[in-house]
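The values are calculated or read from the model by the stated rules, or taken from the named source; none is laboratory data. Being a predicted model, the structure only gives us computed values, none of them experimental. Here the Cβ positions follow ideal geometry from the backbone for every residue, glycine too, while neighbour counts run over all protein chains shown. Keep in mind that these areas ignore ligands, DNA and RNA; they rest on the heavy atoms of the full protein, side chains included. Shrake-Rupley method; radii C 1.70, N 1.55, O 1.52, S 1.80 Å.
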Amino acid sequence: MTTPTETYVDASGGDWDEVVAAAQKGQPDRLVVNMGPQHPSTHGVLRLILTLEGETVTEARVGIGYLHTGIEKNMEYRTWTQGTTFVTRMDYLTPLFNETVYCLAVEKLLGITDRIPERANVIRVMMMELNRIASHFVAMATFGMELGATTIMTNGFREREMVLDIFEMVTGLRMNHAYVRPGGVAQDLPPGTVGKVRELLAEMPKRLKDMRKLLDANPIYLARTRDVAYLDVTGCLALGVTGPILRAAGLPWDLRKAKPYCGYENYEFDVPVSDGADVYARYRVRMAEIEESLKIIEQCLDKLQPGPVMIEDAKIGWPAQLALGPDGMGNAPSHIAHIMGRGGSMEALIHHFKLVTEGFRVPPGQAYAMVESPKGELGCYAVSDGGPRPYRVHFRDPSFTNLQAVAAMCEGGTVADVIAAVASIDPVMGGVDR
Amino acid sequence: MTSNEQQGKPNLPEKDNLPAELGRQRLNSPIARTGMFGAKTTGDTSGYGRLRVYRPAPLASERPYSNPDDPRTLYFDEVADALERSLKEVGTPYDTAIKRVVVDRGEITFHVRREHLVDVVSRLRDDPALRFELCLGVNGVHYPDDTDNELHAVYELRSITHNREIRLEVTCPDADPHIPSIVSVYPTNDWHERETWDFFGIVFDGHPALTRIQMPDDWHGHPQRKDYPLGGIPVEYRGAKVPPPDERRSYA
């Protein structure tokens, strides 16, 4: 071990008077600051280790892992269907993207990608685009809060609430839905959903306009975001950064256009880009993406045709849909009649029981599926050994990869810009650590 | 699509494709598991106790890799040709660097020998005919039964220029878990390689700072390997005990 040539003052505990005295004696010119893991501006439990010279950041290191929950390992001990319940909790602001990418990978392994009912695909697209709006609003809301603009925060969360109301109506939960399942979706849309989505479509443009009035040309906001945390296309690709950050650097790369899934090739929408490559450009791209999402949702409502929402394959799709009972959930009366009624079918009962407890088997092999989540490319790599449980599932979470850009964005800037840089990456630690 | 194509094998002549012939072939492949319903003791009265399930030997696809009926596969031959030519330019024979190629479910996987990994990815990134600019990271898979190749590292690569994607798979034995790092070619793999080291114990030689990333620094073991238990304790509810998930009945 080398002996330190500088005087070190440890300010992480002890008697403060001694720390101050020691600091005055040694007069250190370098300060290492631990920002997080409990810090209001670090989006959860992100830890930033900043080396400062005065106000300038000379080195920015990132510590993660404080929210690691072993989701990938846990999934190896559950059925393929139960997996959706785990993945929805990864990036908790984009649950429907996590579920969809996982189901796309399982469906690819099963070889049933082309047999997913049209209505299920339209519902998936609609729910994902609603989710994109919610996620982008949270990105802007937390960003405003971290810069001290609480109105942005309250407005952003208020707008998101409209989306969450729809989610609650459709899936029963505001987050952690487990709504998208291999083969389709868990339940059809309840009556009244279309009306509620139309309400959102009518209201949201006004809310967006209000947000734009607050931010687009706000001199304080511009001063905090213009030319801050610059990262160009070369830097983005080298660091694997995708999503709004890459598009804000000028590359119109969007998997919905490049590798359409769930029928995205049938929707008309634009891919917003900007050439600022700074925090402000990323904000503009996110705003424009919300507008494009509204367009897609409108087209979804036009495409919604009556039909099944789960694949018509008795070996994959569960035979019964729950109906509403006095406690909010209940059995399916028609299925119970089929089992218990005159000439009841014991085989139907066994089949249902086996499919739910044991699950379906997936042919051996590996597959990679990806979707364009609000944060970038979300990938799911799944391996099956032919059994009813995943052999291995791995998620390429965009937040995880994008966070690597913190050093490139922050070094040489000031401490205040670190907050803006991290907020513009929009990391969610649930997804980063999984 | 025949079942052969789904498994990445070429179309066979009809006499080799008969169920009896395929059944004979299956009996020659390694046994993947025995029994059923998780029953391991003599108390098994299900009659499934002597069941043997065979797993096909590692696949290798033959040329042509592209299937005109499957639009997802159309560029596979072009990529393989370009890679062969490009590797020849730097003096690495294609057959030495690439162990085998598997085409399955509309995806192509190049099994690369670990000694040549850095050469292969540099050509994949820099050759104008290939141009895989974006690496989507690496992750591990642990196959304890794959003797001398227990640990696999899987890389997804994407070309934005040509809108293509391929997968590389590199293996290393458990006794010598070393794979060269490709951070010098794709800086994005920094954290991904740290994560794979953390969870699988694969040492990426040449990585600038291969430390744990998700688990605490002083953690022992690599949690996502198959020989690492899930953990958990039995939970008691109204007198009944529910065992932890990895000790429950397995239908696998």
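Structure data summary
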| quantity | calculated |
| --- | --- |
| Conditions (1) open to solvent by less than 30 Å² (accessible area, probe 1.4 Å); (2) without any contact (Cβ under 8 Å) to a residue 40 or more places away in the chain; (3) in contact with a helix residue (DSSP H, G or I) (Cβ under 8 Å, 6 or more places away or on another chain): number failed by residue A:258 | (3) |
| Candidate set: the range A:176-186, residues that are open to solvent by less than 10 Å² (accessible area, probe 1.4 Å) and outside any loop (DSSP other than H, G, I, E, B); chosen: the one nearest to residue A:311 (Cα to Cα) | A:184 |
| Counted residues, the range B:129-154 - those being closer than 27 Å to residue A:259 by Cα and more than 10 Å from every other protein chain (Cβ to nearest Cβ) | 5 |
| Selected residue (criterion: farthest from residue B:156 (Cα to Cα)) from residues of the range B:97-145 that are in a helix (DSSP H, G or I) and open to solvent by 60 Å² or more (accessible area, probe 1.4 Å) | B:115 |
| Failed condition for residue A:99, given (1) buried (at least 24 other Cβ atoms within 10 Å of the Cβ); (2) charged (D, E, K, R); (3) under 24 Å from residue B:249 (Cβ atoms) | (3) |
| Some residue of the range B:191-202 being more than 9 Å from chain A (Cβ to nearest Cβ), in contact with a helix residue (DSSP H, G or I) (Cβ under 6 Å, 6 or more places away or on another chain) and within 29 Å of residue B:123 (Cβ to Cβ) | yes |
| Residue in the range B:204-215 that is of a type in the set (Phe, Trp, Tyr), closer than 30 Å to residue B:102 by Cα and in contact with a Gly (Cβ under 8 Å, 6 or more places away or on another chain) present | no |
| Residue ranges of helices (runs of 4 or more DSSP H) in the range A:206-325 with at least 2 members within 21 Å of residue A:100 (Cβ to Cβ), within 22 Å of the chain's Cα centre (by Cα) and not hydroxyl-bearing (Ser, Thr, Tyr) | A:244-248, A:255-258, A:279-303 |
| Only one of A:189, A:173 that is without any contact (Cβ under 8 Å) to a residue 24 or more places away in the chain, outside any helix (DSSP H, G or I) and within 23 Å of the chain's Cα centre (by Cα) | A:173 |
| Check on residue B:179, more than 9 Å from chain A (Cβ to nearest Cβ) and touching a helix residue (DSSP H, G or I) at 6+ places or on another chain (Cβ under 6 Å) | yes |
| Extreme residue, nearest to residue A:93 (Cα to Cα), among residues of the range A:373-403 that are within 10 Å of another protein chain (Cβ to nearest Cβ) and among the basic types (Lys, Arg) | A:396 |
| Residues (in contact (Cβ under 8 Å) with a residue 60 or more places away in the chain and among the charged types (D, E, K, R)) located in the range A:81-122 | A:89, A:91, A:99, A:107, A:108, A:115, A:118, A:119 |
| Residue B:158 being assigned to a helix (DSSP H, G or I), in the same structural domain as residue B:89 (by TED's automatic domain parsing) and touching a residue at least 12 places away in the same chain (Cβ under 8 Å) | no |
| Every residue from the range B:168-198 that is open to solvent by less than 20 Å² (accessible area, probe 1.4 Å), within 16 Å of the chain's Cα centre (by Cα) and over 12 Å from residue B:138 (Cα atoms) | B:171, B:172 |
| Odd one out for residue A:273 among (1) open to solvent by 70 Å² or more (accessible area, probe 1.4 Å); (2) touching a residue at least 40 places away in the same chain (Cβ under 8 Å); (3) among the hydrophobic types (A, V, I, L, M, F, W, C) | (2) |
